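Structure, as structure tokens:
The values are calculated or read from the model by the stated rules, or taken from the named source; none is laboratory data. Everything quoted here is computed from the prediction, not taken from an experiment. Note that each Cβ is placed from the backbone with ideal geometry, even for glycine, and that neighbours are counted across all protein chains shown.
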Amino acid sequence: MDRRIPDAGRGRRRRLIAFGLAAAAVVAVAAAWAMFGGRGATVRVPRETVTIDAVTRDVFHDFTPLRGKVVPHDVVYLDALEGGQIEKVMAHGGDRVSVGQPLISFRNTELELDVLDREGRLVESITELQTYEKELEDTRLANAKAAAEIDYNLTRLGRAADRRRTLAAKDYVSTESYDQLVDELAYDQRLKPIQAQTDTREEALRRRQLPTIQAEIVGLRQSLKITRAKLDDLVVRAPVAGQLADLADQVGQNFNRGDRLGEVVASTGFKVNATVDEYYLGRVRVGQTASIDIDGRSWALRVTRVYPEVKDGAFAVDLEFVGAPPAGLLPGEAVDGKLTLGGDRPALVVPAGPFLDRTGGDWVMVVSPDGRSAERRRITLGRRNAEQLEVLSGLKPGERVITSDYAAFEKADRVDLTG
């Protein structure tokens, strides 16, 4: 019987081929790791594609760039106080207006009827309180009159009784008429303290109720005034002097209470609203100075408000002009300038560059003296502006660093500069 005899040489060749392929794969992976991520990796780049700057001792100017726009110092919004249908338009967007100037009048039949109904009920309540107040006064006068009449009777009857007492003793007058006179006098004498008690109680009641009644009348009159003023709210007036930036001006258009009608740019000047990189959030304070360039001239400003909310990597600040602002400013006009963060002072500086986006200022590629290579080195940066970086440690004067973008060798430790 025939049987296959294994070929030892062929098996050995297969193992060598497999080993060679595995070794090639390891070499390729190692090369890729060295090129793109491994420590000690070297990258070759043409010298003309990078920017190299020197580390120098210079004056560090502590500022940050500003980019903002001119905005009105004060904007007052116009809202419909009562709403309704526009009946008449007395001003338009762009017009200059004075305080209290009528701008729009509304027609609102439902409101007018409601005001009339409220007025009627308020007037009725006021009348009722005034009537009650008059009744209290009439009662006081009646009690005073009754007390006076009792005193008069006591005087009159006392004198008559004295005269008739002598005549009755001599039988010149009848005993019955004398007794009747004495009885009337005794009745009035008993009636006087009763009337006095009544006067005291009713006067105390009147004194307690009168201030309450008068206060209620004042409140009702104020409510009546407010109710009637609702009809005045159908006429929208300019709350401040200035320029109308916008205003609804379509006759017949309907608006609800609280709807926005337009806005008035007050005649209080302009300010600058600018954005600053979030890196400087902790260093910007109210009162710091800044400058902007308009038509080739520099204008001084002062920070008046810092908005701490960060949006899209920046926060906002408001700045006012120091002194008279430039003539001819327009709302929305774009301006550029510088915000001073501190005083200028000597420092070890390096020009700012795109490399910061990759390194965060933690390391930099330092160029060798012969200019053929650059190596990674950790550094510490202090203050920074759009043009300069303050070096605290890691570099010495005269050394050169790559300040252009590090995208091609972000993970490398060494860069060979070719060409």
- Item | Total residues in the stretch 221-238, condition touching a residue at least 40 places away in the same chain (Cβ under 8 Å) and either among the basic types (Lys, Arg) or under 11 Å from ARG118 (Cα atoms) (or both) | 7
- Message: Can you say whether LYS69 is out of contact with any Leu (no Cβ under 6 Å at 6 or more places or on another chain), touching a residue at least 12 places away in the same chain (Cβ under 8 Å), more than 30 Å from PHE409 (Cβ to Cβ) and loosely packed, with under 13 Cβ neighbours inside 10 Å, as far as the supplied structure shows?
- Response: no
- So which residues in the stretch 72-106 are surrounded by 20 or more Cβ atoms within 10 Å (Cβ to Cβ) and either in a strand (DSSP E or B) or touching a Cys at 6+ places or on another chain (Cβ under 6 Å) (or both)? PRO72, LEU78, GLY84, ILE86, VAL97, LEU103, ILE104, PHE106
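Right, GLU203: in the same structural domain as LEU113 (by TED's automatic domain parsing), charged (D, E, K, R), more than 38 Å from the chain's Cα centre (by Cα) and within 26 Å of GLU133 (Cα to Cα) or not? Show your work before the answer.
Working: in the same structural domain as LEU113 (by TED's automatic domain parsing): yes; charged (D, E, K, R): yes; more than 38 Å from the chain's Cα centre (by Cα): yes; within 26 Å of GLU133 (Cα to Cα): yes.
Taking the combined requirement at face value, the residue satisfies it.
From the list ALA248, ALA241, exactly one residue is touching a Phe, Trp or Tyr at 6+ places or on another chain (Cβ under 8 Å), outside the structural domain of ARG67 (by TED's automatic domain parsing) and within 24 Å of PRO72 (Cβ to Cβ). Which is it? Step through it out loud before you land on a result.
Numbers: ALA241 fails: touching a Phe, Trp or Tyr at 6+ places or on another chain (Cβ under 8 Å).
Criteria check complete, one pass: ALA248.
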- Go through the stretch 348-399 and tell me which strands (runs of 3 or more DSSP E), entirely inside it, have 3 or more residues that are touching an Asp or Glu at 6+ places or on another chain (Cβ under 7 Å) and over 19 Å from ASP58 (Cβ atoms). 373-378
- What do you reckon, is ALA146 within 19 Å of LEU191 (Cα to Cα), assigned by TED's automatic domain parsing to the domain that holds ARG207 and assigned to a helix (DSSP H, G or I)? yes
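Only one residue in LEU111, LEU136, LEU129 is touching a strand residue (DSSP E or B) at 6+ places or on another chain (Cβ under 9 Å) and either assigned to a helix (DSSP H, G or I) or basic (Lys, Arg) (or both), so which one is that?
LEU111
Among the listed residues ARG228, ARG257, ARG237, identify the single one that is of a type outside the set (A, V, I, L, M, F, W, C) and modelled with pLDDT of 90 or more.
On the way: ARG228 fails: modelled with pLDDT of 90 or more; ARG257 fails: modelled with pLDDT of 90 or more.
Within the list ARG228, ARG257, ARG237, the selection yields ARG237.
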- Counting only residues that are among the hydroxyl-bearing types (Ser, Thr, Tyr) and under 16 Å from GLU48 (Cα atoms), which one in the stretch 369-419 is surrounded by the most Cβ atoms within 10 Å (Cβ to Cβ)? TYR406
- Among the listed residues GLU309, GLU278, GLU333, GLU320, which satisfies the condition of being free of Cβ contacts under 8 Å to residues at least 12 places away in the same chain, charged (D, E, K, R) and outside the structural domain of PRO102 (by TED's automatic domain parsing)? GLU309
- Evaluate the following for LEU381: is it in contact with a Gly (Cβ under 8 Å, 6 or more places away or on another chain), modelled with pLDDT under 95 and farther than 20 Å from ALA41 by Cα? yes
